[in-house]
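Just so you know, all these numbers are worked out from the coordinates, no wet-lab data involved. Bear in mind the structure is a predicted one, so any value in this text is a computation, not a measurement. In this analysis, Cβ positions are derived from the backbone assuming ideal geometry, glycine residues included, and neighbour counts consider all displayed protein chains.
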Amino acid sequence: MSAAPDWPWWKTGVVYHAYVRSFADSSGDGIGDLPGLTERLDYLGEDGLGVDAIWLSPIFTSPDKDFGYDVADYCTIDPRYGSLADFDRLVQEAPRRGIRVLLDLAFNHSSSQHPWFLESRSSPDNPKRDWYIWRHARNGRPPNNWQSVFGGRAWTWEEQTRQFYHHLFLPDQPDLNWRNPEVRRALMDVVRFWLDRGVQGFRLDVFNAWYEHPQYPDNPPKLGLRAYDRQAHIYDMDQPEMFESLAELRTLLDSYPESLAVGELLGRDPYCAARYCGDDKLHMVFNFEFTESPWSPRALLNRARRWEDALRETGWPCYVLANHDLPRLVSRVRRSDPDAHARLGAALLLTLRGTPFIYYGEEIGMADIRLSRDQILDPPGLRYFPFYKGRDGCRSPMQWDDSAGAGFTTGRPWLPLHPEHRWRNVLCQLQDSHSVLSFYRSLIRLRRRSAALRQGDFLPLGTGSRGGLAYLRRFAAEQAAVVLNFTPSNLRLRLEGLPASVRWTCALSSTQESEGSLDGGQVSLEPHEVAVFLAA
Ligand code: NOJ
C-alpha cells in the first residue's frame, strides 16, 4: 500500500452504513442488534469487505415513532439493540478488524418521550421549558407558516400550557432549542460521553436545521410540489449561529484523535454544503446527488463536477448511492441487468475523488422490497400523502444466506425478507468470483493499493457522452484511469486528455473475459464493463 501518513483516515477510508435494525439479529426477536453486528465484523473488516469504519443508525433508547430518530435518552442503548456492555464489546472488537465505529446523532429534535421534553411540557415555569421551542398562537393560529418535512404544520398545540411547540418532523419529535446554552452543553456532553466510550465520530442528522430565526418569521413562498417544498426555508434553516456551534463541536472532536463529523444537510445545494465544511466546521457533508441523478454518464459526471467545484476551496467530497431514506440503487435505476448497474455504481463510489459511504446490502446488489399499504411500518407521511410508500423498502433485512431467515434471524424478521435472498446473498456471492460482492471487495483492495484512487486529483477524460465515462485520478507520480461503459453494447471510447507516453496496465475489469488495454488513448469496453488502469 502506498504510504500517506499525513492523510486522515476519513479522507482515504471507506465507510459502511449499517442499519443496525436490519443487519444481524442475535436474539431471534427479528430485530437486528449489536451482538449480531459484532458477530459479523469479520465480514466487514480488513480480511473481508475491507471497510475502515461503520456508521450505525441510531441505537439509543427510542419509542421508534421514526425508527430511532426520536431519541428518548442519548446515553443509553435501546434494549432491542442490546446494552452498553454490548456496545463496549463492539467498540473493542471493531478496531481488531481495522474498523472504527461512528454513531448517528439526531440533535435537531428529541423524542417527545425524552425526560427533557416531559419536563418542558409540564409547565411554563419549568426550568426546562426553554429547552424546546414554545410560542403563543398568532390570532388563534400557529405562530407562523412553517411546515413539517413529514407533512402538516411544524407546530403542535399543547392545551395544558396553551402554547404551540415546534417540530420540523413528527409531533413526536419536538425541536430542541439550540439557542439555550444549557441545551448546547447537554448535547456536547452526549458527544463527549460517546467519544470517551471509544467512538470515532458521528453522522449528524439534519444538522443545518438546529437553529431557527429568533423572531420566527413566515418563510417566503416558492414553487414546489408538497407544502414543505412550497417555501424557501430561510428562517427555519441555515441560521448564522450554526457556525459557532459547529466550531464548538469541532474543538471537542479535535481533542480526541482522528474523530469525524459528517453532516446530513436538508436541501441539496453543494455550495450550501461547502459553507459547512472546514477545519472549524464539519469534515464532510453528504452528497446525495447520485441518489437522484439520471443514471447516465453525462448527468453523473456533471453532478460530480458540481460538487468538485463547490468544494474546491474547503471541504472534501463524499459519495452515497443509497441510504435508509432512499430507494436502493438497482431499484431506482430499474435496468434489466441489475448486477451490471450495481457494479457501475460501485465503481463510481469507490474510484471518484471522495469518501465512499456504502449502504448495507448494496455490496450484494440488494433491491427494495415491495410492501402493501397495510404492511408499511414507516410512519412519517402516511397520514398526509395518500400514495406514500414509506421508506421501508430499502430497510429490509440483510441477505446473508438462503435459509428461511436469510441468516439474519431465527425468528420472524421485523420487515419481510426480499424473496431474492434465496439466490442473492452474501454466502453465495462470496463463492462466486464474478459476483457484485467480489467486485466490491476487489475494488476496495485496489483502492487500498492505489494512492491515486484514494487521494488523487479528479480529471474527467471527456464529457460522458455516448454512454461511456472516463476519468483520471492522479496523486504525485501515481495515476489511475477509470473507464465505465453504461451501455449494453461494446463501446470504443477515446479518452480525451489521457497523458501520452504512459504505459497502462489493467488492474481490474468487471467483465470476466477482458483484459483491456488503453492503446493510443482508446479503450474498447464490453457491455457494462468497468475497468481501472494503473500507470505502470
Ligand atoms: C433524516 C433521517 O435520515 C431520517 O431517517 C429521519 O426520519 C429524519 N432525519 C428525522 O430525524
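Data for the structure
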item	result
Share antiparallel - DSSP beta bridges, the chain, percent rounded to 5	60
Dipole-positive endmost among 51, 72, 255 within the chain (Cβ charges, Cα centre)	51
Amide H within-cut-off set for residue 237, under 5 Å, with H built and near neighbours excluded	213
Segment 204-313 - charge dipole about Cα centre, Lys and Arg +1 at Cβ, Asp and Glu -1, debye rounded to 20	680
Residues in segment 484-516 that a label on residue 432 would reach, taking backbone N under 18 Å of a point 7 Å out along Cα→Cβ	509-514
Hydrodynamic radius (Kirkwood) for segment 1-83, which is based on Cα pairs only, to one decimal in Å	14.2
Simple spin-label estimate for residue 113 and residue 389 in nanometres, 7 Å along Cα-Cβ	3.0
Burial ordering of 228, 165, fewest other beta-carbon atoms within 10 Å first	228, 165
Reachable lysines from residue 65, criterion Cα separation under 27 angstrom, eight or more residues apart if same chain	128, 389
Overall form of segment 323-418 per C-alpha gyration tensor (a/c, 1.5; a/b vs b/c)	oblate
Cα centroid separation, segment 447-466 to segment 36-78 (Å)	32
Cα centre as origin, Lys/Arg/Asp/Glu Cβ charges: segment 300-397 dipole, Debye	280
Pairwise FRET efficiency - residue 232 versus residue 335, Cβ, R0 = 25 Å, nearest 0.05	0.10
The chain shape via C-alpha gyration tensor axes, a/c threshold 1.5	prolate
Dipole moment magnitude, nearest 20 debye, the chain about Cα centre, only Lys, Arg, Asp, Glu C-beta charged	1300
Amide hydrogen neighbours beyond the local backbone of residue 110, cut-off 5 Å, H modeled	176
Within straight-line cross-link reach of residue 11, aspartates and glutamates at Cα separation under 12 Å, skipping those fewer than 8 residues along the same chain	52, 258
Inter-probe distance in nm under a simple model that places probes 7 Å from Cα toward Cβ, at residue 222 and residue 312	2.4
For the chain, calculated [θ]222 nm from helices alone, where every DSSP H run of n ≥ 4 adds -39500 (n - 2.57)	-6500 deg cm²/dmol
Ascending count of other beta-carbon atoms within 10 Å, so fewest first, for 225, 168, 37, 491	225, 491, 168, 37
Exposure proxy order (Cβ contacts within 10 Å, fewest to most) of 389, 128	389, 128
Global geometry of segment 210-350, whether rounded, prolate or oblate, following the gyration tensor of its Cα atoms and the 1.5 cut on a/c	oblate
Spatial separation of Cα centroids for segment 195-256 and segment 301-322, in angstrom	20
